[in-house]
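Read through the structure below, which is laid out as structure tokens, and then see the notes.
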Amino acid sequence: MVKTSDSQKDSHNFQVPATMSVFLAIVFLSLNMGKSGGAIKPVVTFTPNWGNIIHYDDVTLTCDVPSTVPEEPRTYHWYRDKRPIPGDQQRLHIIRSSVGRDRGDYQCQTIGGDISDPVFLDVTHNHVILQRPPSAIYEGDPLTLRCHHIRGFIAINTKFYKDDQEIKSSESDSTFHIPNITRSQSGRYKCTKQIQRYDITNVMEISDESFISVKELFSPPKIKVTPSRVIGGDEMTVRCDTRLDPLRGSTELHFAFYRDGRTVRGYDVSDTYRVPSSQLEDSGKYICEVRTASGTVRKRSDELYIQIYELFSPLKIEVTPSRVIEGDEMTLEDSGKYICEVRTASGTVRKRSDELYIQIYELFSPLKIEVTPSRVIEGDEMTLEDSGKYICEVRTASGTVRKRSDELYIQIYELFSPLKIEVTPSRVIEGDEMTLEDSGNYTCEVRKRSGSVRTISDEIYIQIYGEDMI
């Protein structure tokens with residue numbers, strides 16, 4: 001029995017006039033033409049949420065439409081097995097269900113909107129059924145199963161089985177609940193009940209079973225890296241690739257990335273991790289993880305080793321020749337610690353060599369003037385006038401290396417002091433061992449035996465006085 005409004009009375013023998021059926025069929029066709037890609041696609045839900053019921057059970061079907069702002073009044077159209085059902089309300093009430101009249105695929109639609117996917121309502125004559133939700137079951141969903149029996153019977157001792165293994169037994173609770181179902185929990189579920197009529201003492205144990213298939217919400221993720229060969233300094237993009245089931249396309253997924261077991265980016269709605277300028281230390285084993293916003297379903301990718309290749313090899317300073325002598329286009333002052341650096345034009349990649357100490361060896365030692373003998377006396381191949389400041393210089397034939405000594409002052413010492421003629425007595429009278437004719441200019445000279453040093457005194461005039469002059 002179908003009731004489309006709370007104000008309508010139950011009608012077991014409701015008949016749709018032929019003219020109305022034709023009109024509704026035309027409406028159905030017109031609403032469905034070209035609407036497969038509509039913006040608003042409703043979903044049919046059941047209350048209570050069971051896809052299978054026993055005849056004479058009641059159920060309410062609701063046409064849930066994604067909300068719009070502002071909320072607009074709508075006219076709804078219902079269909080069973082693609083045939084229109086009278087009424088225009090959001091809820092379709094089925095009272096005292098019938099196998100022949102109410103069993104089938106239900107769809108709903110709003111004017112201007114898309115038609116919903118079909119949802120099957122199974123109505124049976126069984127005494128005991130294992131009830132399950134009408135919609136597909138996905139990993140991470142909560143799942144409740146109910147061992148339901150026909151009206152007019154008393155039931156006790158409910159048991160649940162999975163693949164013939166008992167998983168629950170209760171005297172009063174007829175439900176079995178899984179908070180977050182996994183794909184590994186797919187299988188053949190069965191329930192049994194002991195039932196008897198109120199007026200019959202005979203007790204019967206009746207069972208029913210159903211295969212529960214848990215669908216994959218999203219595929220196991222795979223890591224993909226772009227470019228396939230990453231050179232140091234390149235922008236690297238790591239993507240966590242997964243496919244969400246289209247029927248659950250509104251499910252929000254979060255993505256995280258790990259390198260060598262450490263988090264490089266925490267959970268985010270973006271499935272991409274970017275490194276603007278990759279470096280050698282970004283190499284490693286990468287894993288990504290995908291989870292639902294609630295965290296009920298989590299999946300990890302396999303490891304992917306990403307190698308960051310060097311743009312250029314490690315730097316090393318080399319010097320030629322290996323032993324540098326001053327003058328080899330370097331000077332002694334160029335000795336020291338040397339480092340070289342290379343970088344890209346943008347500066348995104350820089351590398352420095354290790355230090356190299358370069359020692360410039362002297363071609364010849366610093367100059368020093370030496371004089372022999374250490375005390376030079378005039379005549380020792382030098383003269384008194386050779387005293388002074390001396391510097392010596394040495395250079396290579398090409399003049400590339402020149403060195404000067406410090407100044408050295410050389411003092412030439414006199415072999416003997418300056419000569420001076422002296423006469424005694426200071427006033428000479430003729431007859432004092434001299435004669436008058438001895439008057440005149442006198443000089444004296446001294447020399448070495450070799451004649452290398454000679455010294456002459458200044459002239460002195462000696463006057464010999466006569467006795468008559470005294």
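Relative contact order of segment 298-392, taken over Cα pairs closer than 8 Å and 6 or more residues apart, is 26 percent. For the chain, the longest principal axis of the alpha carbon atoms and the long axis of helix 18-32 meet at an angle near 10°. Here segment 119-272 is treated as a sphere whose radius is the Kirkwood value from Cα pairs; by Stokes-Einstein at 37 °C and 0.692 mPa s it diffuses with a coefficient of 170 µm²/s.
Its Cα centre serving as origin, segment 313-388 has a Cβ charge dipole (Lys and Arg +1, Asp and Glu -1) of approximately 1080 debye.
Entry note, the chain: relative contact order of 8 percent, from Cα contacts under 8 Å with a spacing of 6+ residues. Between residue 355 and residue 318, the simple label model (points 7 Å from Cα in the Cβ direction) yields a spacing of 2.4 nm. Here the peptides 398-404, 146-152 are ranked by packing, the mean other Cβ count within 10 Å, and the order with the highest first is 146-152, 398-404.
Given their separation in residues at 0.36 nm each and the Cα-Cα distance between them, residue 279 and residue 156 gain 37.4 nm when the chain is fully extended. With semi-axes defined as the square roots of five times the eigenvalues of the C-alpha gyration tensor, the equivalent ellipsoid of segment 87-155 measures 26, 19, 10 Å, largest first. In the complete set of protein chains, residue-level accessible area for residue 240 is approximately 0 Å², probe 1.4 angstrom.
Computed from the C-beta positions of residue 338 and residue 298, the FRET efficiency with R₀ = 60 Å rounds to 0.65. Across segment 356-470, counting alpha-carbon atoms alone, Rg and Dmax equal 27.2, 102 Å. Ordering 210, 322, 413 by Cα displacement along the dipole of the chain toward the positive end leaves 210 in first place; charges were set at the Cβ atoms of Lys, Arg (+1) and Asp, Glu (-1). Each Lys and Arg contributes +1 and each Asp and Glu -1, all at the Cβ; summed about the Cα centre of the chain, the dipole is approximately 6060 debye. The mean accessible area for residues of the chain, using a 1.4 Å probe and ignoring ligands and nucleic acids, is 62 Å² per residue. Ratio of Rg to Rh for the chain: 1.70 [Cα atoms; Kirkwood radius as inverse mean 1/r over pairs]. Note that segment 194-337 shows a convex hull volume over its alpha carbon atoms of 200 Å³ per residue. Each principal axis of segment 126-185 carries a Cα extent, and these read 36, 24, 18 Å when sorted largest first.
Per-residue extension of 0.36 nm, minus the Cα-Cα distance of residue 64 and residue 441, leaves a gain of 120.4 nm for this segment.
Expressed as a whole percent, the accessible surface of the chain that belongs to carbon and sulfur atoms is 49, based on a 1.4 Å probe.
No disulfide-compatible partner, judged by a Cβ distance under 4.7 Å, exists for the following cysteines of the chain: 340, 392, 444. Values of log10 I(q)/I(0) for segment 283-377 across q = 0.15 Å⁻¹ run -0.85, by the Debye formula with one identical scatterer at each alpha carbon and no solvent. Ranking 235, 437 by solvent-accessible area of protein heavy atoms (1.4 Å probe, all protein chains present), from largest to smallest, gives 437, 235.
Positive-end ranking of 431, 442, 464 along the dipole of segment 362-470, with charges on Cβ about the Cα centre, is headed by 442.
The values are calculated or read from the model by the stated rules, or taken from the named source; none is laboratory data. This one's a predicted model, so the numbers in the text were calculated from it and none came from an experiment. Counting neighbours? That spans all protein chains shown, and the Cβs are built from the backbone with ideal geometry, glycine included. We work out accessible area using only protein heavy atoms, side chains counted, and drop any ligands, DNA or RNA first. Shrake-Rupley method; radii C 1.70, N 1.55, O 1.52, S 1.80 Å.
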